[in-house]
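So the structure is just underneath, and the comments pick up after that.
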Amino acid sequence: MAVPPIGPGPARLAVSPTLPPSVARETGLQVKTILAARSVSAEFPEILDIGGVRSDPLKWHPHGLAIDVMIPNARSAAGKALGDSVLAYVLNNAERFGVNHAIWRQTIYRPNGSKRAMSDAGSDTANHFDHVHIATDGGGYPRDGQTYLR
């Protein structure tokens, strides 16, 4: 959605204050999780897949509290740098997104700056080497017409 031009000079379009839908499948996600997914999608257009609700023994994914930001070529230097940037962005916006924790490259990060290594879970996916896992406090399920601001 275009908004009116800002400031003097030649007319130009400003960025909409509303975040568009992300590349995540948003069905079943809670509002803070959707906000995180949409914000990551807007900030990092090279991200092409964000996983959401799925079965899992832990509460995060089944209850719409977590997303998995898939990192293209995650084992390459560029992929690692992208994952590092996504992690930093999410932790820098932890209060806004209601972040509980994030996991990247077998390390669990908390918004308070603490981190700890995970035990080896056996694969790149289980060890979070190919995606950044972002868990939020949820904020409840969205209502019809819910908007998400930048």
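The values are calculated or read from the model by the stated rules, or taken from the named source; none is laboratory data. What you see is a predicted model, and the numbers here were worked out from it, not measured in a lab. Glycine also receives a Cβ, built like all others from the backbone with ideal geometry; neighbour counts cover every protein chain displayed.
Checking each residue of the range 33-44 against the condition of being surrounded by fewer than 22 Cβ atoms within 10 Å (Cβ to Cβ), over 20 Å from PHE129 (Cβ atoms) and of a type in the set (S, T, N, Q) gives at least one match.
Against the numbered list (1) free of Cβ contacts under 8 Å to residues at least 24 places away in the same chain; (2) buried (at least 16 other Cβ atoms within 10 Å of the Cβ), GLY83 comes up short only at (1).
The single condition from (1) in a loop (DSSP other than H, G, I, E, B); (2) closer than 16 Å to PRO142 by Cα; (3) touching a strand residue (DSSP E or B) at 6+ places or on another chain (Cβ under 9 Å); (4) at pLDDT 95 or above that ILE47 fails is (2). Restricting to the range 102-130, name every residue that is surrounded by 14 or more Cβ atoms within 10 Å (Cβ to Cβ) and within 19 Å of LYS32 (Cα to Cα). Of everything in the range 102-130, those that are surrounded by 14 or more Cβ atoms within 10 Å (Cβ to Cβ) and within 19 Å of LYS32 (Cα to Cα) turn out to be ALA102, ILE103, TYR109, ARG110, PRO111.
Has the range 119-129 got any residue that is under 13 Å from the mean Cα position of the chain (by Cα) and free of Cβ contacts under 8 Å to residues at least 12 places away in the same chain? Scanning the range 119-129, I find no residue that is under 13 Å from the mean Cα position of the chain (by Cα) and free of Cβ contacts under 8 Å to residues at least 12 places away in the same chain, so the answer is no.
May I ask you to verify whether ASN92 is under 15 Å from the mean Cα position of the chain (by Cα) and exposed (fewer than 14 other Cβ atoms within 10 Å of the Cβ)? Yes: the conditions hold for ASN92.
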